[in-house]
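Since the structure comes first, as structure tokens, the remarks are kept for the end.
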Amino acid sequence: MPGKVKYHQLSESEKKKCLGDFYSMVALLKTRQDVKNFLKDLLTLSETVMISRRIQIAKLLLEGDTYDDIRQQLKVGPTTICQVEKWLNNGFGGYRKAIEEYRKKYPDRSDFEKYGYPAFSREWIKKKYPMHYLFSSLLNKRK
């Protein structure tokens, strides 16, 4: 019974075929919803969160945040930050290009600037989803 196939065990033609198919499939996705559905089917929630956090680390590094700032804000280790910085500075330019394109398309996507609170704090959630707190807000006003 064969075990897991490791990347280095594949022939060059198998590597090209597998990776080529993967890259082509991703490139064919047209909408955010298509990408979201594809990645939900492809990755576990944990894998999705890990990738998302790497992107957040890259964004913060590009904004000039220090390792300590990033560690405190995202609760990640210095090794993870170092690895992302290595990919960011010595990789193929994918992080940098994706983040630049994101900033062009969504220039106002800073939740802190938009809502005035750190993302996912209680205040942020109340500001972003006021209808969820309508009943408690009405009760608080009556006091």
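Hey, can you tell me all the residues within region 1-18 that are aliphatic (A, V, I, L, M) and either exposed (fewer than 10 other Cβ atoms within 10 Å of the Cβ) or modelled with pLDDT of 90 or more (or both)? Answer for region 1-18, where residues must be aliphatic (A, V, I, L, M) and either exposed (fewer than 10 other Cβ atoms within 10 Å of the Cβ) or modelled with pLDDT of 90 or more (or both): just MET1.
Yes or no, residue by residue, for (1) among the acidic types (Asp, Glu); (2) in contact with a helix residue (DSSP H, G or I) (Cβ under 6 Å, 6 or more places away or on another chain):
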{"residue": "SER11", "(1), (2)": "no, no"}
{"residue": "GLU14", "(1), (2)": "yes, no"}
{"residue": "VAL35", "(1), (2)": "no, no"}
{"residue": "ILE51", "(1), (2)": "no, no"}
{"residue": "VAL84", "(1), (2)": "no, yes"}
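Of the residues making up region 55-73, those that are in contact (Cβ under 8 Å) with a residue 40 or more places away in the chain and either of a type in the set (Gly, Ala, Ser) or surrounded by fewer than 16 Cβ atoms within 10 Å (Cβ to Cβ) (or both) number 2.
Among the residues of region 35-50, those that are assigned to a helix (DSSP H, G or I) and surrounded by 12 or more Cβ atoms within 10 Å (Cβ to Cβ) comprise VAL35, LYS36, ASN37, PHE38, LEU39, LEU42, THR48, MET50. Of the set (1) touching a helix residue (DSSP H, G or I) at 6+ places or on another chain (Cβ under 9 Å); (2) at pLDDT below 90; (3) part of a helix (DSSP H, G or I), all apply to GLU113 but (1).
The values are calculated or read from the model by the stated rules, or taken from the named source; none is laboratory data. Because the structure is a prediction, the values reported are computed rather than measured. A quick note on method: Cβ atoms are made from the backbone with ideal geometry, for glycine too, and the neighbour counts reach across all protein chains shown.
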